[in-house]
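The values are calculated or read from the model by the stated rules, or taken from the named source; none is laboratory data. Fair warning: this is a prediction, and the values are worked out from it, not measured in the lab. So basically every Cβ, Gly included, is an ideal-geometry build from the backbone, and we count neighbours across all protein chains shown.
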Amino acid sequence: MLNVLFFFISQFSAYILSITYNPALAFVGYELVYFFFHRTRWWYYQVPDLPYSFGISLLVLAIALFDRKRTTPTPWISSAPLRWMWMLIVMHGLATFWALLPDYHYRFFDNFLKLGIVVTAAYKLCATRKSLDYYLYAYIFGCAYLGYLLLNMGRNSGARVANFGLVDAPDVNAVAAALVPGALIALHYFLKDKGWSRWLFFVGGALTVNAMVLINSRGAFLGLILGAAYYIIRLFFLEKSVRVSRKTLLVITVMGALALVEVFDQAAIERFFGLREEARLTEGKETGSTRVFFWKAALRMSQDHPWGMGVGGFVMMSPNYIPEHVNTGASRNRAVHSSWFQTLTEVGYLGFFLFLMMIMSAGWATQKVIRYATKKHDAIAARTALALQSCLVSYIISISFLDRMRAVVLYWLIMFAACAYNIYIVQPNTEQASSRKPAARFDRFAKTEKVRSKSGLDHD
């Protein structure tokens, strides 16, 4: 009952507060629907069957279109990550014309298009630093809520969790990948905040990491470890004016490592270190390394279909490209198990290029913020941009072993990076330029008056 009540309170608050307080809270409501509402929640059938996601999406779009005073004046098309995102969406739509399963492909394109619209509108709603904080708070809270549910549910399929998902991620490995950025954002705010609030982020991060251990996804573990290492090392070597105290950072790193060892149980340890054994290619037995044969098949397939084959194309054609002597398990029709190769086989070389440029431009945007904020001695901006960059790195690593080209979380992270660049660089420079214009006009007027007085033009 409390879950249902909390869900309705979160939605009602998002509608009211986005109109009366901060428009960014509309997208916060959208995030909470994504994390809370799913058919695998035990309370799912206790609430009316209404299109909650559609309703909150309309609110986000309406505020972005009609509330110009409270949204960012920066047009979305000026954001490089969003431009690449939309080129990828257009390319995905064009692939419908040559997809092997056009109706099936179009269904996914329709959802992809809707996601792009909501993400673009959310970019417009994020006009202040506090707005970006609200987006990230909601992400942490959503991950912590999943962690709380899994803590109560426990493992229900041997050493793993089953029958637990998100709207676009019915597989638990995809859920674990979505949790990885939440753990890093929680770490960022734990280091940033002071007082009692930082312990809320500690609890949120602990629940998130524990959920990942229960799910037992090796790709997510790898993404978390490498992403956290990237964040800590980069933070350690930032300039003194913007970094966290190195002593504090070392203490927290050691404590975090000890806590991770404590949380990891025997099943998680055996599964993670089983990567070494499965790294050896074996043709006669299906293991984690079997996906390497799928990736090779995807490369050969892309040579025959350079424009891609649309959604489901690889699954349909994989028996023709995977060698017959390779054991693929119960079926020869297999998914490619990599977002990179999924992109290549669905939208071809051009689509792969657009996908790569979208991710790289988001990384460049956050790197520019880090450099700019360091020069301005803006510690909050520098650390936030680094945290977002680390989240992107960790998530990309995690989905390199999953088919998550159109993952909702991926495009949220792209949008977060675009928002950071806009808030920390574009808007301040635009405001400074606009404030200088009246002064410049006054200077020109003063110079004109001075010339007139010297030339005697003011005398009769």
**Prompt:** Looking at (1) in a helix (DSSP H, G or I); (2) modelled with pLDDT under 95, which is the one condition that is false for residue 418?
**Reply:** (2)
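Please find, within segment 312-329, the residue that is surrounded by the fewest Cβ atoms within 10 Å (Cβ to Cβ) out of those that are among the aliphatic types (A, V, I, L, M) and either part of a helix (DSSP H, G or I) or at pLDDT 95 or above (or both). Before the answer, list the steps.
Our first condition is that a residue be among the aliphatic types (A, V, I, L, M); within segment 312-329, this holds for 315-317, 322, 326.
When the remaining residues are screened for being either part of a helix (DSSP H, G or I) or at pLDDT 95 or above (or both), the result is 315-317.
On the way: 315: 19, 316: 14, 317: 19.
Taking the candidates together, the pick is 316.
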**Asked** Which residue out of 218, 243 is basic (Lys, Arg) and within 27 Å of residue 374 (Cα to Cα)?
**Response** 243
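Residue by residue, here is whether (1) part of a loop (DSSP other than H, G, I, E, B); (2) modelled with pLDDT of 95 or more holds:
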site: 281; (1), (2): yes, no
site: 300; (1), (2): no, no
site: 331; (1), (2): yes, no
site: 363; (1), (2): no, yes
**Item:** Residues within segment 9-41 that are in contact (Cβ under 8 Å) with a residue 24 or more places away in the chain, part of a loop (DSSP other than H, G, I, E, B) and aromatic (Phe, Trp, Tyr), tallied
**Value:** 1
**Request:** Please specify each residue of segment 169-186 satisfying the condition of being touching a helix residue (DSSP H, G or I) at 6+ places or on another chain (Cβ under 6 Å) and either of a type in the set (A, V, I, L, M) or not in a helix (DSSP H, G or I) (or both).
**Result:** 169, 172, 176, 177, 178, 179, 180, 183, 184, 185, 186
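Give me a count of the residues in segment 187-204 that are among the aromatic types (Phe, Trp, Tyr) and not in a helix (DSSP H, G or I).
Selection size over segment 187-204: 1.
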**Request:** Can you confirm whether segment 345-353 contains a residue that is assigned to a helix (DSSP H, G or I), touching a His at 6+ places or on another chain (Cβ under 6 Å) and crowded, with 22+ Cβ neighbours inside 10 Å?
**Result:** yes
**Prompt:** In segment 365-379, what residues are in a helix (DSSP H, G or I) and over 18 Å from the mean Cα position of the chain (by Cα)?
**Reply:** 368, 370, 371, 372, 373, 374, 375, 379
